[in-house]
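Report on one structure; see the data block that follows.
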Amino acid sequence: MKKILLPVLAVMGLAPLVWAHAFVDHAEPGVGSKTSVPPHLIKIWFTERLEPSLSKIQVFDHAGTEIDKRDTKADPNNGQLLIVSLPELRPGKYKIVWRVVSVDTHTTNGSFEFELTQ
């Protein structure tokens, strides 16, 4: 019984550490979405509060050119929301790349796409 119980307790003890990282909760435009309304902002809500000065969102067009306004900021009323501004977009596929540091200093990153239709 002890041989089984010790590994289970060890995993349970590490579980809170795994959840201490900030991951995407949801985004506007949505992950993998198609929209006919050009967004002026990319908004990403994370599962943890962020360190805004160490976190960023980048947006790339189909050619791999960064097209965001490079003004990533946290929402002043929600420490889990990161925002970046966009210029006027043309129809096409766009890739959002994010890298964030949560207030507990864990770094996570990822990407997703959305498509602007005509």
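The values are calculated or read from the model by the stated rules, or taken from the named source; none is laboratory data. Only a predicted model underlies this, so the values are computations on that prediction, with no experimental measurement involved. For neighbour counting, all protein chains shown are included, and Cβ atoms are generated from backbone atoms with ideal geometry for every residue, glycine included.
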*Checking Ile44 against (1) touching a Ser or Thr at 6+ places or on another chain (Cβ under 8 Å); (2) at pLDDT 95 or above, which test does it fail?*
(1)
*asked:* Can you find, within segment 90-104, the residue that is nearest to Glu51 (Cα to Cα) among those that are crowded, with 17+ Cβ neighbours inside 10 Å and not small (Gly, Ala, Ser)?
replied: Val101
_Just the residues that are under 17 Å from Arg99 (Cβ atoms), of a type in the set (Asp, Glu) and assigned to a loop (DSSP other than H, G, I, E, B), please, taken from segment 45-81._
Glu48, Glu51, Asp68, Asp71
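What are the residues in segment 29-44 that are outside any loop (DSSP other than H, G, I, E, B) and loosely packed, with under 15 Cβ neighbours inside 10 Å, if any? Break it down into steps so the answer makes sense when it comes.
Kept after step one, since they are outside any loop (DSSP other than H, G, I, E, B), are these residues of segment 29-44: 34-35, 41-44.
Matches in segment 29-44: Lys34, Thr35, Leu41.
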*Would you be able to tell me the number of residues in segment 62-118 that are at positive phi and at pLDDT below 95?*
1
_As an exercise: evaluate Leu54 against (1) closer than 22 Å to Phe23 by Cα; (2) at pLDDT below 95; (3) surrounded by fewer than 16 Cβ atoms within 10 Å (Cβ to Cβ) and give the number of the one condition it does not meet._
(2)
